[in-house]
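Below is one structure, written out as structure tokens; the observations come after it.
No lab work stands behind these numbers, since they all come straight from the coordinates. Everything numeric here is computed off the predicted structure, so don't read it as measured data. In this analysis, Cβ positions are derived from the backbone assuming ideal geometry, glycine residues included, and neighbour counts consider all displayed protein chains.
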Amino acid sequence: VKKKLNLSLARDVFQPFAPTILEERIGDYLVDPHPNKFMTMSYYATEEFVKTAPAVVHVDGTTRPQTLEKEDNPVYYNIVKRFERGSGVGAVLNTSFNMHGEPIVCSPRDALNSFRKARLDVLVLEKFAVYL
């Protein structure tokens, strides 16, 4: 996943990715965990999380998560929860949507342009899915 995203988004290999973690699972994945809705703190990852989600653990064993409760964003929460039901992992890779050196997308047109440049598999905008 990490290699594909770095290649697609033209990112430098040393730029770390971050996870969104279901708040009820932070004890499984973080050492000395505390809720962190805005990705402002780093934590050491547990051995389980290093093995389960290596793409979001930095070389020093830390991770900078966004924690998520259903009340924060019910749609996103349900997506992560479905992923957990299928995979057993209550976390997903969370990254900004922009090509390296470009601003973060802020309109559907920006999203479509970056989607095409990045040659990603699918783009979801609101209730629509776009495939290449």
For this session: Along Cα→Cβ, 7 Å out, is where each label goes; now give me the distance between the ones at F38 and V75 in nm to one decimal.
Result: 2.3
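Sequence gap at least 6, Cα distance under 8 Å: using those rules, report the relative contact order of region 18-94 to the nearest whole percent.
Working: 122 pairs, mean separation 31.5, N = 77.
Computed over region 18-94, the figure is 41 percent.
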Seminar exercise, completed: Expected max-MSF residue from L112, L22, L30 in the GNM of the chain (alpha carbon, under 10 Å) is L112
Exercise. Based on DSSP H runs of at least 4 residues, each adding -39500 (n - 2.57), what is the mean residue ellipticity at 222 nm of the chain after dividing by all its residues, to the nearest 500 deg cm²/dmol?
Worked result: -8500 deg cm²/dmol
Exercise. What longest range of the chain stays clear of loop-exposed GluC sites (Glu not before Pro) (DSSP non-H/G/I/E/B, at most 10 other C-beta within 10 angstrom)?
Worked result: 1-70
Exercise. Based on Cα positions only, what radius of gyration and what Dmax would you give for the chain, in angstroms?
Worked result: 15.1, 42
Exercise. What relative contact order, as a whole-number percentage, does the chain give when Cα pairs under 8 Å and 6 or more residues apart are counted?
Worked result: 26
Problem set entry | Compactness of region 18-94, expressed as Rg and Dmax over alpha-carbon positions, Å | 11.2, 32
